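**Q** Once you've had a glance at the structure underneath, I'll fire off some questions.
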Amino acid sequence: MKLTKMLILLFALGNVGAGARVTEKATFGGGCFWCLEAVFEDLKGVASVTSGYAGGAQANPTYEAVCSGQTGHAEVIQVEFDPVILSYQDLMKIFFTMHDPTTPNQQGADRGTQYRSIVLYESPAQKVAAEAARKEAQGHYRSPIVTEIVPLTKFYGAEGYHQGYYKLNTKKPYCSAVIAPKVKKMRETFGSLLK
């Protein structure tokens with residue numbers, strides 16, 4: 001066993017022995033991050049969901065800059081989760097069910113490169129799982145899936161007013177017309193995975 005693998009194993013065993021849970025992060029985007037945040041935050045095993053930006057070149061992008069389409073970033077969420085309770089494969093299945101991965105640079109009325117379907121993996125295992133999930137999901141869609149699967153280089157958290165947006169603004173027209181139906185679909189389809 002290589003020294004690096006041995007150290008990782010010892011660290012993990014040390015944390016388990018101390019009662020601490022080891023979490024992982026999954027980063028992906030499928031349209032407006034408010035929608036995906038609302039869908040994923042009520043799942044068992046999810047410690048946090050952060051709306052943000054990834055997949056572009058500009059450092060420290062703002063919402064306005066990302067919306068201009070000039071930064072290359074997509075609106076994404078980063079899910080911190082306990083893989084013992086909720087697997088990365090479960091997250092990918094939900095992801096490919098809860099948005100339309102066949103529309104390039106668009107989800108519903110939201111158009112632009114910032115709304116593209118994208119998975120940003122943090123490990124070779126996540127890459128393999130994302131590719132397998134994309135292949136499996138293709139069987140549920142007539143049009144080809146256009147979801148990008150690329151390595152995560154940097155995640156930038158979005159401005160504070162974007163975090164927890166749906167829960168804070170359920171009565172706003174966008175929330176009731178666009179987000180609420182997605183949350184309802186998730187609860188009906190994946191009810192066994194809810195907290």
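Read the figures in this text as sums done on the coordinates, not as results from a lab. For clarity, every value in this text was computed on a predicted model and none was experimentally measured. In this analysis, Cβ positions are derived from the backbone assuming ideal geometry, glycine residues included, and neighbour counts consider all displayed protein chains.
**Q** What ³J(HN,Hα) values, in whole Hz, does the Karplus curve 6.51 cos²θ - 1.76 cosθ + 1.60 give for the range 134-142 when θ = phi - 60°, with x put for Gly and Pro?
**A** Calculated HN-Hα couplings, in order: 4, 5, 5, 5, 4, x, 9, 10, 6 Hz.
**Q** Could you give each residue of the range 180-195 its phi-based ³J(HN,Hα) in whole Hz, using Karplus coefficients 6.51, -1.76, 1.60 with θ = phi - 60°, and x for Gly or Pro?
**A** Using θ = phi - 60°, the values come out as 4, x, 5, 5, 4, 4, 4, 5, 6, 7, 10, x, 5, 9, 6, 5 Hz.
**Q** Now a separate question. Kirkwood hydrodynamic radius for the range 70-160: how many Å is it when counted over pairs of different Cα atoms?
**A** Kirkwood radius, the range 70-160: 14.0 Å.
**Q** If I model a spin label as a point 7 Å beyond the Cα along the Cα-Cβ vector, how far apart are those points for Ala57 and Glu131 in nm?
**A** With each label placed 7 Å out from Cα toward Cβ, I get 2.6 nm.
**Q** Whole number please: convex hull volume per residue of the Cα set in the range 21-193, in Å³? All intermediate terms of the calculation are to be shown ahead of the outcome.
**A** On the way: hull volume 19.7 nm³, N = 173.
Spread over its residues, the Cα hull of the range 21-193 gives 114 Å³ apiece.
**Q** Towards the positive end of the charge dipole of the chain, with charges on Cβ (+1 Lys, Arg; -1 Asp, Glu), say which of Tyr121, Met98, Pro151 has the farthest Cα.
**A** Positive-most Cα among the choices belongs to Met98.
**Q** Another question about this same structure. List the residues, sorted by chain then number, that are 5 or more residues from Ser117 or on another chain and whose placed amide H is less than 5 Å from its amide H.
**A** Counting only residues 5 or more places away or on other chains, the set is Asn105, Gln106, Glu148.
**Q** Let me ask you something else. What length, rounded to one decimal in nm, is gained on full extension from Glu159 through to Ala177, with 0.36 nm per residue of separation minus their alpha-carbon distance?
**A** Difference between extended and current length: 4.2 nm.
**Q** Rounded to the nearest 0.05, what FRET efficiency do Glu80 and Ser143 give with R0 = 30 Å and r taken as the Cβ-Cβ distance? Could you check?
**A** After rounding to 0.05, the efficiency reads 0.40.
**Q** Report the gain in length on full extension from Asp110 to Cys67: 0.36 nm times residue separation, minus Cα-Cα distance, nm rounded to one decimal.
**A** Using 0.36 nm per residue and subtracting the Cα-Cα distance, I get 14.4 nm.
**Q** What is the Cα centroid distance between the range 23-84 and the range 138-185, reported in whole angstrom?
**A** So the two Cα centres are separated by 8 Å.
**Q** Residue by residue through the range 89-96, what is 3J(HN,Hα) from phi via Karplus (6.51 cos²θ - 1.76 cosθ + 1.60, θ = phi - 60°)? Round to whole Hz and write x for glycine and proline.
**A** 4, 4, 4, 5, 4, 5, 4, 6
**Q** Taking the Cα centre as origin and putting +1 on Lys and Arg beta-carbons and -1 on Asp and Glu beta-carbons, what dipole magnitude results for the chain, to the nearest 20 debye?
**A** Once rounded to the nearest 20, the dipole reads 300 debye.
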